[in-house]
Amino acid sequence: MSRPAVLVARAVFPEVVERLATHFEVEANPDDVIWSRAELIAHLQGKAGMLTTGSERIDADLLAACPGLRIVANMAVGYNNFDVAAMTAAGVLGTNAPDVLTETTADFGMALLLATARRVCESEHFLRAGLWKNWRYDLFLGAEVHGSTLGIIGMGRIGQAVARRAALGFGMRVLYHNRSRLAGEIEAACGARYVEKDELLRTADHVMLVLPYSAESHHTIGAEELARMKPTATLINLARGGIVDDAALARALRERRIAAAGLDVFEGEPRVHPDLLTVPNVVLTPHIASATRGTRLAMANLAADNLIDFFTTGRPRTPVNPQVLR
Ligand code: DGY
């Protein structure tokens, strides 16, 4: 019996490709060539499944050009690269990779918060440039983290994991804003209190964004929201590019309307808004919040599990549009 053909659209761990090859005819992309959309569609001809890293846009046009495609498995918890309605209409299943990255990503949220508030990168650049001549009482004074107020926008699994670290590890007062309020026992377990977005922006010393990207969350933080934040506040974007208006943020940082920002994700990444590259009070990292070997391997294996389960048992683990399975 012929085996289904799957495309692994970007380079992933060779052991995951080998695992897939025990079930499928696999075309992989070990050199990590970034295909144009037309090239991606060409590679998808004859494929029933695809493993993506979350950067390939799956929409009605692509689905119409790839009628044999039945499942797209993202090795990412975010799936804003999927037009879920178009996939469901075409009967194509989408899966994501939640849970396995929660704690690692929350660790990085704290790393970015600490680096930003305590000016770790800015002071390292100063030292490397040979500018450090003397210890000074006011050299790179930063913002307090312990005992301060953290405002989290987006209180899913990762937001809750950040809240636990902040409340229990750093003694922070944690406020959150979310589409829906969490149950009392979940709020208590992560030491967080629900507030409206406006109160969060006005009162938090540090604002962290951990919400999914959608048309509704586009530019959740723009010039108006930045103006409502404290001039001493920091902003951390751990979520997705496009949730922050990066041009407005660069202006606010340059004019010191907020103190600092830490960004792991960018509008139109891997391009970074040029104004962000020239302001000193921002920590910039290349979308690495989930990047530990163990976590990225677990994400790739979960995407592979979804492909294998879909074609063997018909019950993939983490579907985003399970109605396709019925
Ligand atoms: C995710 O899983 O969504 C992370 O941002 C990695 O892409």
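Placing unit charges on the Cβ atoms only, positive for Lys and Arg and negative for Asp and Glu, gives the stretch 13-160 a dipole magnitude near 460 debye about its Cα centre. Counted over the stretch 1-121 with a bin width of 10 Å, the fraction of Cα pairs per bin, in whole percents, is 12, 39, 29, 14, 6, 1, 0. For the stretch 211-305, calculate the relative contact order in percent as a whole number, restricting contacts to Cα pairs under 8 Å that are 6 or more residues apart. Computed over the stretch 211-305, the figure is 25 percent. A simple rule links phi to the HN-Hα coupling: the Karplus curve 6.51 cos²θ - 1.76 cosθ + 1.60 with θ = phi - 60°, which for the stretch 191-197 gives x, 10, 10, 6, 9, 5, 4 Hz, with x for Gly and Pro.
Close amide H pairs (under 5 Å, H built 1.01 Å from N) link residue 25 with 5, 6, residues at least 5 positions away or on another chain.
If packing is taken as the mean number of other Cβ atoms within 10 Å per residue, what is the order of 140-151, 246-257, highest first? Could you put the intermediate results ahead of the total?
Working: 140-151: 16.7, 246-257: 18.8.
So the order, starting with the most tightly packed, is 246-257, 140-151.
Considering only beta bridges that DSSP places wholly inside the stretch 1-121, some 0 percent are antiparallel.
Any chance you could run the full-extension gain for residue 60 through residue 254? It's 0.36 nm times the residue separation minus the Cα-Cα distance, nm to one decimal. The span from residue 60 to residue 254 would gain 65.7 nm if fully extended. Test of understanding: extend the Cα→C-beta vector of residue 157 to 7 Å, then name every residue of the stretch 197-213 with backbone N under 18 Å from that spot. Answer for the stretch 197-213: 210-213. About the centre of its Cα atoms, the chain shows a dipole size close to 580 debye [charges on the beta carbon of Lys, Arg (+1) and Asp, Glu (-1) only; nearest 20 debye]. Taking the charge dipole of the chain about its Cα centre, with +1 at Lys and Arg Cβ atoms and -1 at Asp and Glu Cβ atoms, the residue from 250, 282, 141 reaching farthest to the positive side is 141.
Given an 8 Å cut-off on Cα distances and at least 6 residues of separation, report the relative contact order of the stretch 1-67 as a percent.
This gives 41 percent for the stretch 1-67.
For residue 127 and residue 186, the FRET efficiency from 1/(1 + (r/R0)^6), where r spans their Cβ atoms and R0 equals 41 Å, is about 0.45. Per residue, the chain reaches -10000 deg cm²/dmol at 222 nm when only DSSP H runs of four or more residues are counted, each adding -39500 (n - 2.57). Computed about the Cα centre, the dipole magnitude for the stretch 80-213 is approximately 300 debye when only Lys and Arg (+1) and Asp and Glu (-1) carry charge, each at its Cβ.
The mean sequence separation of alpha-carbon pairs under 8 Å and at least six residues apart, normalised by the residue count of the chain, gives a relative contact order of 18 percent.
Of all beta bridges that DSSP places with both ends in the chain, some 5 percent have antiparallel geometry. Using only alpha-carbon positions in the chain, the gyration tensor eigenvalues give semi-axes of 39, 22, 18 Å once each is multiplied by 5 and square-rooted (largest first). Across the stretch 224-233, rounded Karplus estimates of 3J(HN,Hα) from the backbone phi angles (6.51 cos²θ - 1.76 cosθ + 1.60, θ = phi - 60°) give 4, 5, 4, 5, 7, 6, 5, x, 8, 7 Hz, Gly and Pro being marked x.
With all protein chains in place and a 1.4 Å probe, the accessible surface of the chain carries 55 percent carbon and sulfur. Counting only protein chain heavy atoms and rolling a 1.4 Å probe, the accessible areas of 165, 136, 19 rank, largest first, as 136, 19, 165. Can you classify the stretch 116-161 as rounded, prolate or oblate using the Cα gyration tensor, where a ≥ b ≥ c are the square roots of its eigenvalues, rounded means a/c under 1.5, and otherwise it's prolate if a/b beats b/c and oblate if not? In terms of gyration-tensor shape, prolate. With a cut-off of 12 Å, note down the residues of the stretch 233-271 whose backbone N falls inside the zone around a label point 7 Å from the Cα of residue 278 toward its beta carbon. Hits in the stretch 233-271 for residue 278 at 12 Å: 251, 254.
Positive-end ranking of 52, 66, 233 along the dipole of the chain, with charges on Cβ about the Cα centre, is headed by 233. Convex hull volume of the Cα atoms of the stretch 243-305, normalised per residue: 98 Å³.
A 1.4 Å probe, protein heavy atoms only, puts the accessible area of residue 230 near 60 Å². Counted as membrane-span-like here are DSSP H helices of the chain whose alpha-carbon atoms extend 15 Å or more along the helix's own axis and whose Kyte-Doolittle mean is 0.0 or above; these are 102-117, 293-312.
Averaging over all projection directions, find the projected area of the Cα convex hull of the stretch 185-312 and quote it in nm² with one decimal place.
Details: hull surface 41.9 nm².
If I average the Cα hull's projected area over directions, I get 10.5 nm².
Placing unit charges on each Cβ (+1 for Lys and Arg, -1 for Asp and Glu) gives the stretch 57-119 a dipole about its Cα centre, and among 78, 90, 105 the Cα reaching farthest toward its positive end belongs to 105. To the nearest 0.05, how large is the calculated FRET efficiency for residue 140 and residue 227 if R₀ is 22 Å and r is the Cβ-Cβ distance? So, using R0 = 22 Å, E works out to roughly 0.25.
The values are calculated or read from the model by the stated rules, or taken from the named source; none is laboratory data. Predicted model only: the values in this text are computed from it and were never measured. Note that each Cβ is placed from the backbone with ideal geometry, even for glycine, and that neighbours are counted across all protein chains shown. Each accessible area value is taken on the protein alone, full model and side chains, heavy atoms only, with ligands, DNA and RNA left out. Shrake-Rupley method; radii C 1.70, N 1.55, O 1.52, S 1.80 Å.
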